[in-house]
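Heads up: the structure comes next, in structure tokens.
The values are calculated or read from the model by the stated rules, or taken from the named source; none is laboratory data. Keep in mind the model is a prediction, meaning the values are calculated, not measured. In this analysis, Cβ positions are derived from the backbone assuming ideal geometry, glycine residues included, and neighbour counts consider all displayed protein chains. Side chains are part of the model used for accessible areas, which takes the heavy atoms of the whole protein and leaves out ligands, DNA and RNA. Shrake-Rupley method; radii C 1.70, N 1.55, O 1.52, S 1.80 Å.
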Amino acid sequence: MGQAMSFGLTQYDVEDLVRYSKNCFTQGEIEALYQRFRSLDRGHKGYISAEEFMNIPELSINPLAHRLERIFESINFKDFVLLLSAFSTRAAVEDKVHLIFAVYDSDGDGLVSADDMELMLRQLAGSTLR
């Protein structure tokens with residue numbers, strides 16, 4: 001425990017992140033996520049900028065990607081793990097709903113209003129919605 005791993009995280013860090021993700025990720029998955037995070041963090045700043053975040057191919061094609069980008073303008077590794085844990089099949093329904101709510105509450109007022117829903121539908125449907 002506590003020994004430095006070759007890629008920058010200690011065993012303690014990895015175990016802490018497994019707990020932080022509510023066991024949605026294994027130790028090996030945390031290590032792989034860290035490698036991915038480091039490859040996205042081009043300036044080795046310790047966080048991913050919104051621009052770097054949008055370089056994730058799976059996110060860049062998502063119609064709600066810009067909404068996620070606004071929620072997580074600059075994201076450190078711990079928050080990156082938390083964000084991705086909501087997409088895990090092991091995530092609790094409450095955690096998935098919390099993320100969905102944050103995405104749909106576009107004005108951040110704690111409510112999903114008709115205006116929020118209209119904005120989300122427009123972003124999902126693109127130019128086909130009048």
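Identify the residue in the stretch 86-104 that is of a type in the set (Ser, Thr, Tyr) and open to solvent by 50 Å² or more (accessible area, probe 1.4 Å) and, among all such residues, is modelled with the lowest pLDDT.
Taking the stretch 86-104 as the starting set, the residues that turn out to be of a type in the set (Ser, Thr, Tyr) are 88-89, 104.
Then keep just the ones that are open to solvent by 50 Å² or more (accessible area, probe 1.4 Å); that gives 89, 104.
Values: Thr89: 95, Tyr104: 90.
Checking each candidate, the answer is Tyr104.
Looking at Leu33, Leu83, which one is at pLDDT below 90 and surrounded by 14 or more Cβ atoms within 10 Å (Cβ to Cβ)? Steps first, please.
Values: Leu33 fails: at pLDDT below 90.
The conditions single out Leu83.
Tell me, which residue of the stretch 48-80 that is part of a loop (DSSP other than H, G, I, E, B) and either among the charged types (D, E, K, R) or touching a Ser or Thr at 6+ places or on another chain (Cβ under 9 Å) (or both) is modelled with the highest pLDDT? Step through it out loud before you land on a result.
Step one: list which residues in the stretch 48-80 are part of a loop (DSSP other than H, G, I, E, B), which gives 49, 54-56, 61-64, 72-74.
Adding the requirement that they be either among the charged types (D, E, K, R) or touching a Ser or Thr at 6+ places or on another chain (Cβ under 9 Å) (or both) leaves 49, 54, 73-74.
On the way: Ser49: 89, Met54: 82, Glu73: 77, Ser74: 85.
Here the residue is Ser49.
Considering only the stretch 87-129, how many residues are part of a loop (DSSP other than H, G, I, E, B), free of Cβ contacts under 8 Å to residues at least 60 places away in the same chain and more than 15 Å from Leu68 (Cα to Cα)?
Taking the stretch 87-129 as the starting set, the residues that turn out to be part of a loop (DSSP other than H, G, I, E, B) are 87-92, 105-113, 129.
The next check asks that each one be free of Cβ contacts under 8 Å to residues at least 60 places away in the same chain; those that pass are 87, 89, 105-113, 129.
Checking the rest, the ones that are also more than 15 Å from Leu68 (Cα to Cα) come to 89, 109-113, 129.
Counting residues in the stretch 87-129 that are part of a loop (DSSP other than H, G, I, E, B), free of Cβ contacts under 8 Å to residues at least 60 places away in the same chain and more than 15 Å from Leu68 (Cα to Cα) gives 7.
Evaluate the stretch 114-121: report whether one residue or more is within 23 Å of Arg36 (Cβ to Cβ) and open to solvent by 90 Å² or more (accessible area, probe 1.4 Å).
Filtering the stretch 114-121 down to residues within 23 Å of Arg36 (Cβ to Cβ) leaves none.
Among the residues of the stretch 114-121, not one is within 23 Å of Arg36 (Cβ to Cβ) and open to solvent by 90 Å² or more (accessible area, probe 1.4 Å), which makes the answer no.
Being surrounded by fewer than 16 Cβ atoms within 10 Å (Cβ to Cβ), touching a strand residue (DSSP E or B) at 6+ places or on another chain (Cβ under 6 Å), over 30 Å from Met117 (Cβ atoms) and modelled with pLDDT of 90 or more narrows it down to one of Thr10, Thr26, so name that one.
Among Thr10, Thr26, only Thr10 is surrounded by fewer than 16 Cβ atoms within 10 Å (Cβ to Cβ), touching a strand residue (DSSP E or B) at 6+ places or on another chain (Cβ under 6 Å), over 30 Å from Met117 (Cβ atoms) and modelled with pLDDT of 90 or more.
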